[in-house]
């Protein structure tokens, strides 16, 4: 019986050890840099002196004492910041269209909803309104390349006006622009799309439409790529493909002389409200009433139709942080409780309570900053890997300065909130009580 | 008792309130310690030895009376002032060594020096001297968990003397050691007293340990019952 107990005990101990070392191996990217720093601290005098001078040396050494707990805690923080970095970057990229929308641009759609069309004559009428600098009419083509699942964001546009309205966002070679204007079957392709399908200028591309067919019944539309545009700034969307409205309109089997919406550039953002009123008033009580909104508002409502990304991100990040808060807080409280006697000894040797308070807080801050920094670096790496794939369609997915700044604030907050209670306990700890605990 | 007065306790009282009960540890206790003294305090459990030692070390405050150290009153100092005073004047040696497990021997010894403005090289020199004095120069980089009880207590002694304090307070310093090791530690304390002039106050249950001291005071129920002035 005893023999059997010993065997079972040995098996469990072995399993425990195996799990421990498996976890330590998996989490090595998190704690390995720390151990390297720890080695350097002990062997490079000026680093150690700097830590001593800032009261960081002892908190730093304390983090080394229970490797498994340290690795688990830092790993938990690492995961939280990995999620934070990736999700916040995704949310930012989704909202980039809203943030980057120009203040002087408006969108006019059918008042019923934006899938309903407007007569092409509206373009001419709106151009005449005071305050309208330029406008371009656009139609959603519903394009795809070979497979209906390979959707291509394609628009039939007034090719002569596209750059007048959106030229501030798009970077296009002058010759390519001229060639595109000249060729009715010319296609202007965004950099991301070209990269995704390996398209280049001169390629003949067949695009299908899941909405429109030609008069001969065919749904395949033939194009020649005449230009590839890029964004004038990093987060600009280069997922779109543009072709001549004339080619579209003349070949259509149904619904000709209709446009999807108007992209309008005003002479000054301050007169937007006036222009909006003038446009919508012009078509009031007509069979095609309009609704004109600033581009920012239009993009925002468009994203909102796909779901509240912000809410999903906030909920996920909050849940992750709450769990991490509990884990790290508990871990810190446990660590300080275990060190009660040592804190008593330090106070006896002459370390003031305030200094010990600071050290405990520094320790939780260092944990949060270490896990957070590695987590953020990992999310940056993941984002870089994802966006480097030509199949990835989301422009502007990146960790920008704002996200990094917010993450640093979160690290400090996490460190403070998880360290404050143990630090106060250490501050209040009576030396005699502390020394009596072993 | 001869020599310059280092410590002077005048009519010191210490009472605790436990529930509705008031417990008196000392009532108007007088005590003087001269510089260079090696004093052993003995007495049964609960006699107030450790409380007295804590008071001498400034980790506990009297509820009445006056405490003078080097002619300066210390019982009126704030917590922060007391911490600085302890760092400058007192070295502590505990029964269970109380070393920091995450630091090696040299780093443990260096700990009190982190409270000073000494440079890195000055700290290193002081640590080397202290470790040499306790015979542990060759174990400086060893973790204390790899050391025997006697070696750990020697590290603790090195930590206590590294900042060159006037007074060493030892709470049962040999209570966790075998006789042979205890004798080594006590001889070391005696050497520190005789050769380096350190004033030592040692609380002990062990008469053999007390024999190393210059004089022994017996405490019972907060009162000194007998004084042995034998040098």
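Tabulated data for the structure shown
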read-out	value
Options A:79, A:22: the member that is assigned to a helix (DSSP H, G or I) and either touching a residue at least 12 places away in the same chain (Cβ under 8 Å) or closer than 30 Å to residue A:301 by Cβ (or both)	A:79
Flag if residue A:58 is within 11 Å of chain B (Cβ to nearest Cβ), more than 30 Å from residue A:313 (Cβ to Cβ) and surrounded by 13 or more Cβ atoms within 10 Å (Cβ to Cβ)	yes
Output for the stretch B:2-11, where each listed residue is out of contact with any helix residue (DSSP H, G or I) (no Cβ under 7 Å at 6 or more places or on another chain) and at negative phi	B:2, B:4, B:5, B:6, B:8, B:9, B:10
Conditions (1) at pLDDT 95 or above; (2) over 24 Å from residue A:344 (Cβ atoms); (3) not in a helix (DSSP H, G or I): number failed by residue B:200	(2)
Given (1) more than 14 Å from every other protein chain (Cβ to nearest Cβ); (2) loosely packed, with under 13 Cβ neighbours inside 10 Å; (3) outside any strand (DSSP E or B), number of the condition residue B:36 does not satisfy	(2)
Residue list for the stretch A:241-253, restricted to those being surrounded by fewer than 20 Cβ atoms within 10 Å (Cβ to Cβ) and in contact (Cβ under 8 Å) with a residue 12 or more places away in the chain	A:246, A:247, A:249, A:251, A:252, A:253
Subset tally (residues that are in contact with a helix residue (DSSP H, G or I) (Cβ under 9 Å, 6 or more places away or on another chain) and within 27 Å of residue B:209 (Cα to Cα)) for the stretch B:15-64	19
Filtered residue count, the stretch B:68-124, keeping only those that are in a helix (DSSP H, G or I), more than 10 Å from chain A (Cβ to nearest Cβ) and closer than 22 Å to residue B:200 by Cα	2
Residue A:146, sole failed condition from (1) over 30 Å from residue A:357 (Cα atoms); (2) within 14 Å of chain B (Cβ to nearest Cβ)	(2)
Criterion violated by residue A:86 - all others in (1) surrounded by fewer than 21 Cβ atoms within 10 Å (Cβ to Cβ); (2) closer than 30 Å to residue A:403 by Cα; (3) touching a helix residue (DSSP H, G or I) at 6+ places or on another chain (Cβ under 7 Å) satisfied	(1)
Number of the condition not met by residue A:397 [criteria: (1) outside any loop (DSSP other than H, G, I, E, B); (2) surrounded by 16 or more Cβ atoms within 10 Å (Cβ to Cβ)]	(1)
Verdict on residue A:310 being away from every other protein chain (no Cβ under 14 Å) and within 23 Å of the chain's Cα centre (by Cα)	yes
Condition broken by residue B:30, with the remaining ones in (1) within 14 Å of chain A (Cβ to nearest Cβ); (2) not in a loop (DSSP other than H, G, I, E, B) satisfied	(1)
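The values are calculated or read from the model by the stated rules, or taken from the named source; none is laboratory data. As the structure is a prediction and not an experimental result, all values here were calculated from the model. Ideal geometry is used to build each Cβ from the backbone, glycine not excepted, and the neighbour counts take in all protein chains shown.
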